[in-house]
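As structure tokens, the structure follows; a few thoughts come after it.
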Amino acid sequence: MMQEGDLVHIPQGVELWCETERGMRLRMTERPTVGVYLSAQGRHVYQVYANGHEWRLKRRDVYPMESRCH
């Protein structure tokens, strides 16, 4: 289970969205991206911070980053 502040991997081609004062803002990732997990927005949607903004995306499209100690 992810906790707030965990790093996540967002693959290329994932749809991100957020609500703004003017409506819905959509973006598709052009390359793999690292984000910060913020919270779950229901069973199927996560909220993350990536590329300078808070975004929502489908839970199935995001993966926890492995923590490795060498």
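Pick from ARG31, ARG60, ARG43: which residue has the top mean-square fluctuation in a GNM of the chain where Cα pairs under 10 Å get a spring?
Sorting by GNM fluctuation, first place goes to ARG43.
Averaging the inverse of every distinct alpha carbon separation and then flipping it gives the Kirkwood radius. What is it for the chain, in angstrom units? Could you put the intermediate results ahead of the total?
Details: mean 1/r = 0.0809 Å⁻¹.
So the Kirkwood estimate lands at 12.4 Å.
Keeping every protein chain present and rolling a 1.4 Å probe, give me the accessible area per residue for the chain in Å². Walk me through the numbers before you get to the answer.
Details: 5480 Å² over 70 residues.
I get 78 Å² per residue for this part.
The values are calculated or read from the model by the stated rules, or taken from the named source; none is laboratory data. Since we're looking at a predicted model, the values are computed, not measured. Side chains are part of the model used for accessible areas, which takes the heavy atoms of the whole protein and leaves out ligands, DNA and RNA. Shrake-Rupley method; radii C 1.70, N 1.55, O 1.52, S 1.80 Å.
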